[in-house]
Every structure is written in structure tokens, then in C-alpha cells.
């Protein structure tokens, strides 16, 4: 009986000692470290390059939009007026270029020709008059003054005829090549001005450049939207990633291209595979860690981005992620 009791006590003592030993062993085992991050997604702000009063917002929060879909429209009477002004200037410049290209009208050419003929006839008369006066001078009938006056009138008539003939030639040849080119370039500049104003006018109808889900509508119908101010924000849930803050002594496990599993508590206990896509080149902040009982040092923390290998149903921006 005593022998059996001693055996039982010995077994109990052995159990107690084993339990204590196991407890001490667990106490000195490294505690698993947990990293916590969150889900991020690509966000786009939809805005216009021109200011204006919002006419209508055509989407609602939570609505799925696609690239090219009309999101909102603006009212801008100033742009409409500038567009009409630019079009009028373009038409005027085009008409001047066409006029320069065609040259003088037929009536203008004929008028120049008639003026030349008139000057030519006047020159012939002046020459005859000078010849008669010169003959009379040689006979001693008139003074030399009269001869000089007739000679001067003959020369002046010659210059007048030459000028009239040059004007007639200019009317026949039309506008100079340089003038035509200048008029054409002015017409081109006016057309480009119309295109510029029209491009701004097209900004009054704002469409989305990306697919996504509407998350924010910052301005409503009737409110004035400054140029470049975001009116609607969308998020592309097909372009998501997890953001983790990793201490530098653990960074070797999260190099670009490496894969790991994480949990998303909001979606249950299932693990999801992610692949590191980016590691920040500069540490964000420091975390103090004791290296022994006497001293410690600061370790930098780096931001790590990882993207899911497969689409995750129900994923939303801001959900927490856990990595053991």
C-alpha cells in the first residue's frame, strides 16, 4: 500500500515538474509578431480645366461608372461668347486671305489700264507740244523759257505714264506672294484660336477617364466649380493593395516580388496571398527597441505595398489586414 502511494506521489511530482518546465519553456519562446495594415485602392478626382456653374451631376454615390461616361456638365456663357467671337474672327481672316489669293478685281485691272492709256496719251501730246515749241524757238519766235516749260511738261508726262503702267502691271499680277502668305497664316492662327476655345468649351461636359465606383460628390447642381477643383471622386476597386509598416529588422522578409499570406478580419478567417509590389526607399518613422537590458536603439519603419494575387470578393478600402 505504501509502495503504491509513493508511486502515485512520484508521478504527481513528475507531472508538476514537467508542467513547470513546459511553462518556463513557453515563456522563453519568441512571441509571434503581428503586423497590421489596411487596404488601399486607386482613387481618381474628376474635374474640369475651366470654371463654371454646375448644371447637372449625372451620377450618385456608390454607382459604378465606366471610362468615357458623362459625369457632370457646366454652364459657362462666357465661353460660348468667346467661341462665337473666335469664329467671327476666323471668318474675317479667311475672307482676307481669299481676297489676297484672288488678287485685284477685273474692274480694278481695267481701271488701271485706262489710267495708263490716259497717261500715255498725255505723254504723246506733251512730246508733240515740245517738238512744236522747240521748232518755234529755233526760228526765234518764242523765248527759251517757253521751250524749257514744254520740255519739263513732256518729262512729267513720261513719269506719269510710267507710274500708271506700273500700277496696271501690279493690278494684273495681283497680291505679292509675301502678302498672300501672311494672310494665309493669319487665317490659320484664327482657326487655331477657334479650336482652342472649342477645346475649353468641350470641358463643360466632363467625362470619366477611368472605371470605378463613385465615393464622393463634392459639389451639386447650381454651385460654382473652380477650374481643376474635384467635383466627383471615384475609386477603382480592381486596383487595390495592402499597406504595411514593417520594421527594418523584418524587412528582409518583404522584398519586392516576395509572397506572403495575410488575413482580412472583415472577410473572415481565410488567408489571402499577396505579393510585394513596392518598398519605400526612405523610412517613415522610428520605433525604439531594447537590444539588451542596458541600452536600446531606434529602428526605422518602412512602408510596404503588396497586391493580391487573386481578386478578393467584398474587399473595401480601409479594411484592416493582419500578418503573423
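Laboratory data are not the source of any read-out in this text; all were calculated from the coordinates shown. Keep in mind that what you see is a predicted model, and the values were worked out from it rather than measured. Counting neighbours? That spans all protein chains shown, and the Cβs are built from the backbone with ideal geometry, glycine included.
Packing-based ranking of 189-199, 57-67 yields 189-199, 57-67, ordered from highest to lowest mean Cβ neighbour count within 10 Å. Label sites at residue 267 and residue 141, each approximated as a point 7 angstrom past Cα along Cα to Cβ, lie 12.5 nm apart.
State the extension gain, in nm to one decimal, for the chain segment bounded by residue 70 and residue 95, taking 0.36 nm per residue of separation less the distance between their alpha-carbons.
Gain in length upon complete extension: 5.2 nm.
For a paramagnetic label modelled on residue 49 (point 7 Å from Cα along Cα→Cβ), amide N atoms under 14 Å away belong, within the range 192-210, to 193-207.
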